[in-house]
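Beneath this line is the structure, given in structure tokens, with notes to follow.
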Amino acid sequence: MSAASSTKTTLTRKDFVTDQDVRWCPGCGDYAILAQVQKVLPELGVPRENFVFISGIGCSSRFPYYVNTYGFHTIHGRAPAIATGLKVVRPELSVWVVTGDGDALSIGGNHLIHALRRNLDINILLFNNRIYGLTKGQYSPTSEFGKVTKSTPMGAIDHPFNPVSLALGADATFVARSVDVDARHLQEMIRRAFDHKGTAFVEILQNCNIFNDGAFEELTDKERKADHVLYLEHGKPLVFGKQREKGIRMRGHRLEVCAASEPDVIVHDEKDPLLPFLLASLEPPVFPTPLGVFRAVERPTYEQAARNQISVAKEKFGSGDLAELFRRGDTWTSG
């Protein structure tokens, strides 16, 4: 963060812009995400010096350089681990993890799922462009089956991860999805993530115009998106289409598309234990792509539980002496 600390009460987007040259490829979806994050941060009522952005490795992981807050550009896949340690010792900070589909779901897959299940009060923004862009176009854990890349010239034979399904499977308490160029929707998802008490996971579908251009075109093209996007709104029916003429209903244990006028069109419930899993499985070409909050439920946070344990231990045993602890009990001398 720049030397000028944010002691003033009213912040603007400019306060979160650094003097660093942004080194993403011209036209990259990361620019749109950065702009929306910088627009929302001043609204959150947090002193600038209390924001921390933590990243791993990849195109998205240059993010901390471009947000005028404190930040860590860490090692591959380990941003959730760094964020965990920071949040436990400094719970008053607003901690944000910025990661990509390769960083979070391949190299850092283990760290991600454990951060999600522990439910620290942190925010994880996963930029999903379904490709390794920084290393110039290899397939990633979210690349579709059959994807032809420099490392899969005959087509990928891996079944891809669905990041939302993975987060739900790890029992994350807040799971959402948005898309890079849908500014208003992305802003709303960032605000909702911040407001959530617990780990908030937001998958952001992001275009890589160099190595995977147009991967989400049907979700962003003005003429087509109405038929291909299903916006999830808590308490409202699941309908879509240019005239909002189509809906989603349950048949047996499966979802299906129906007319929006049908009486059994599902009303979205972010707290339902099963519906988010079913919605996460909806994929084109049969179904529209759901965008919005899949799940938002409450559960105690890890950092609060850890600090409660420490308080109890101090009351019972005193503050303790680390040097004395090393000298007592089962110790030995090697060599």
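Couple of notes before you dig in:
- Lone unmet requirement of (1) open to solvent by 60 Å² or more (accessible area, probe 1.4 Å); (2) out of contact with any strand residue (DSSP E or B) (no Cβ under 7 Å at 6 or more places or on another chain); (3) under 22 Å from ILE190 (Cα atoms); (4) not in a helix (DSSP H, G or I) for LEU120: (1)
- Qualifying residue in the stretch 141-150 (condition: of a type outside the set (Phe, Trp, Tyr), within 22 Å of VAL37 (Cα to Cα), in contact with a strand residue (DSSP E or B) (Cβ under 9 Å, 6 or more places away or on another chain) and in contact (Cβ under 8 Å) with a residue 40 or more places away in the chain): no
- Residue list for the stretch 292-327, filter: under 30 Å from PRO237 (Cβ atoms) and either in a loop (DSSP other than H, G, I, E, B) or of a type in the set (D, E, K, R) (or both): ARG295, VAL297, GLU298, ARG299
- Enumeration of residues in the stretch 162-190 that are buried (at least 17 other Cβ atoms within 10 Å of the Cβ) and among the charged types (D, E, K, R): ARG177, ASP180, ASP182, GLU188
- In the stretch 124-151, the residues that are open to solvent by less than 10 Å² (accessible area, probe 1.4 Å) and either over 17 Å from VAL179 (Cα atoms) or not in a loop (DSSP other than H, G, I, E, B) (or both): ILE124, LEU125, LEU126, PHE127, ASN128, GLY137, SER140
- Long-range neighbours under 8 Å by Cβ, at least six apart or interchain, first residue part of a helix (DSSP H, G or I) within the stretch 69-85, second charged (D, E, K, R) and crowded, with 21+ Cβ neighbours inside 10 Å: ALA79/ASP103; THR84/ARG118
- For GLY45: the one exception among (1) touching an Asp or Glu at 6+ places or on another chain (Cβ under 7 Å); (2) over 16 Å from GLY108 (Cβ atoms); (3) of a type in the set (Gly, Ala, Ser); (4) free of Cβ contacts under 8 Å to residues at least 40 places away in the same chain: (1)
- Of ALA200, ALA215, ALA193, ALA226, all but one fail to be touching a residue at least 24 places away in the same chain (Cβ under 8 Å) and open to solvent by 20 Å² or more (accessible area, probe 1.4 Å); the exception is ALA215.
- Residues of the stretch 86-95 satisfying the condition of being part of a strand (DSSP E or B) and closer than 18 Å to HIS114 by Cβ: VAL95
The values are calculated or read from the model by the stated rules, or taken from the named source; none is laboratory data. Note that the structure is predicted; figures quoted are calculated from it, not measured. FYI the Cβ positions are ideal-geometry reconstructions off the backbone, even for glycines, and counts take in every protein chain you see. Side chains are part of the model used for accessible areas, which takes the heavy atoms of the whole protein and leaves out ligands, DNA and RNA. Shrake-Rupley method; radii C 1.70, N 1.55, O 1.52, S 1.80 Å.
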